[in-house]
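Chemist: Just passing along the structure, written as structure tokens.
The values are calculated or read from the model by the stated rules, or taken from the named source; none is laboratory data. It should be emphasised that the depicted structure is a prediction, and the values quoted were computed from it without experimental measurement. As a convention, Cβ positions derive from the backbone with ideal geometry for all residues, glycine included, and neighbour counts pool all protein chains shown. For the accessible areas, the whole protein counts, side chains as well, though only heavy atoms, and no ligand, DNA or RNA atoms are used. Shrake-Rupley method; radii C 1.70, N 1.55, O 1.52, S 1.80 Å.
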Amino acid sequence: LSTTWLWYATRGAGVVSLVLLTAVVVLGVLTVARFETAGWPRFVTQGLHRNLALTSVAFLGLHVVTAVVDPFTNLGWVAAVVPFSSYYRTFWLGLGTVSMELLGAVLITSLLRPWLGHWTWRIVHWLAYASWPMAVLHTIGTGTDAWSLWLLPINAVCAVAVLTAVLYRVRIPNPDPLAAARSSFRAASGGLREAG
Amino acid sequence: MGQHPDHPATRDRGLRRVRHLTLAATGLGAGAVVLLSGVAATTIPGTSTGTAASATASATPTAEASSSASLQPAASAPQATTSTTAHAVTGGSR
């Protein structure tokens, strides 16, 4: 039995992981934009964002494990953890490693959110905006089939989806109608705490 | 007009939707891994179907022969042959 199935599984899991990561980013942007309709309350967006993030990490794990154990590339676990240390397509593979680690930071800080400050969590969460394009570039640069008829449209749809969501978010002047009231309340309560 | 998001019925319906969509995404993802693996198997150069393998095999010698035949005919041609053979044995150029 040939071990080429490991490579095919790597490609498949990698693409599914990218599609799910794209969905997670889009849902995250929609959460910040406070998107909702009558049949789609905001907590559905948030819940789906969280669940798909975990699902995406599971497929990412499959992608990494099958790539590392594949004897063709013989990557080794160090290359999967230390960016740009692989002899095989060093730069493009390194982008994938960095993307994975940024995603790991986002995931871990999200799980530890109750023990972290809101702003610490939020700043780390912004790393997702760096993780996603790196994953796309990794997809384009690492595989020999990046420009094939099946993968090119997937990459294009992912890019259009994220760009549309970001543009939607940017065009909304202030998604939180109570932002001003909230910040003045925080300032006042902070002042009271300091005074007390 | 829908009910308020905090209404228990709306909340239950929303949570059920999250669960169903998550399960659907996981199932579709697993199916897609299998499907895309199959698609990749037919498109990656040098794999078992041989569609792209033949393209690689024919393109490499042509380029080598036309560009460097007059300069290093003996050195370049055997290298190309060795490389193609090695990839064919291990499962193709990836």
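Chemist: Hey, any idea what the orientation-averaged projected area of the convex hull of the range A:113-196's Cα atoms comes to, in nm²?
Modeler: Details: hull surface 33.3 nm².
With every direction weighted equally, the projected area is 8.3 nm².
Chemist: If chain A were replaced by its equivalent ellipsoid, with semi-axes equal to the square roots of 5 times the Cα gyration tensor eigenvalues, what would those be, largest first, whole Å? Don't skip to the answer; put the middle values down first.
Modeler: On the way: eigenvalues 273, 79, 37 Å².
Here the semi-axes work out to 37, 20, 14 Å.
Chemist: Between residue A:113 and residue A:146, 0.36 nm times their residue separation minus their Cα-Cα distance comes to what?
Modeler: Details: separation 33, 0.36 × 33 = 11.88 nm, distance 3.65 nm.
Taking residue A:113 through residue A:146 to full extension adds about 8.2 nm, to one decimal.
Chemist: Can you send over the carbon and sulfur percentage of the accessible area for the range A:47-154, probe radius 1.4 Å, protein chains only?
Modeler: Details: 4270 of 5600 Å².
Answer for the range A:47-154: carbon and sulfur cover 76 percent of the accessible area.
Chemist: Now for a separate question. Using a 10 Å cut-off on Cβ atoms, rank the peptides A:133-146, B:9-22 from the highest mean neighbour count down. Mind showing how you got there, number by number?
Modeler: Numbers: A:133-146: 19.2, B:9-22: 14.8.
Order by mean packing, descending: A:133-146, B:9-22.
Chemist: Please compute, for peptide A:15-25, the average count of beta-carbon atoms on other protein chains lying within 10 Å of each residue's beta-carbon. All intermediate terms of the calculation are to be shown ahead of the outcome.
Modeler: Numbers: counts 8, 11, 2, 0, 5, 5, 0, 0, 2, 0, 0.
For peptide A:15-25, the averaged partner shielding equals 3.
Chemist: Mean residue ellipticity at 222 nm from the helices of chain A, using -39,500 (n - 2.57) per DSSP H segment of n ≥ 4 over the full residue count, to the nearest 500 deg cm²/dmol? Please report the intermediate quantities before stating the final value.
Modeler: Details: 8 runs with 145 residues, N = 196.
It lands at -25000 deg cm²/dmol.
Chemist: Taking a spot 7 Å from the Cα of residue A:176 along the direction of its beta carbon, which residues of the range A:37-75 have an amide N less than 20 Å from it?
Modeler: So the set is A:37, A:41-50.
Chemist: Whole-Hz ³J(HN,Hα) for each residue in the range A:3-10, computed from phi via Karplus 6.51 cos²θ - 1.76 cosθ + 1.60 with θ = phi - 60°, x for glycine and proline: what do you get?
Modeler: Going residue by residue, I get 8, 5, 4, 5, 5, 5, 5, 4 Hz, with x marking Gly and Pro.
Chemist: Further, regarding this structure: Just checking the output field for A:48-60: average partner chain Cβ neighbours within 10 Å of each residue's Cβ? Don't skip to the end; give the middle numbers.
Modeler: On the way: counts 7, 1, 2, 7, 6, 0, 2, 6, 2, 0, 3, 6, 0.
So the per-residue partner count for this stretch is 3.
Chemist: Turning to a different aspect of this structure: Quote the total accessible area buried by chains B and A together, excluding ligands, DNA and RNA, probe 1.4 Å, nearest 100 Å². Intermediate values should be presented prior to the final figure.
Modeler: Working: alone 7110 and 11740 Å², together 16330 Å².
Counting protein atoms only, the buried area is about 2500 Å².
Chemist: Compute the normalised compactness of the range A:1-61: alpha-carbon radius of gyration over 2.2 N^0.38 Å, N being the residue count. Kindly include the intermediate steps, with their values, before the conclusion.
Modeler: On the way: Rg = 15.2 Å, N = 61, 2.2 N^0.38 = 10.5 Å.
Scaled against compact globular proteins, the figure is 1.45.
Chemist: Let me ask something additional. How high is the FRET efficiency from residue A:34 to residue B:16, r the C-beta distance, R0 35 Å, rounded to 0.05? The partial results should precede the final answer.
Modeler: Numbers: r = 22 Å, r/R0 = 0.63.
It comes to 0.95.
Chemist: Write down the accessible area per residue of chain A in Å², having rolled a 1.4 Å probe over the full set of protein chains.
Modeler: Values: 10490 Å² over 196 residues.
Roughly 54 Å² per residue, with all protein chains present.
Chemist: Further question: Under a Cβ-Cβ cut-off of 13 Å, what is the net charge of the residues other than residue B:36 that fall near it, where Lys and Arg count +1 and Asp and Glu count -1?
Modeler: Values: positive: A:11; negative: A:145.
Value of the local net charge: 0.
Chemist: What ³J(HN,Hα) values, in whole Hz, does the Karplus curve 6.51 cos²θ - 1.76 cosθ + 1.60 give for the range B:14-29 when θ = phi - 60°, with x put for Gly and Pro?
Modeler: x, 5, 5, 5, 4, 4, 5, 5, 5, 5, 4, 5, 5, x, 5, x
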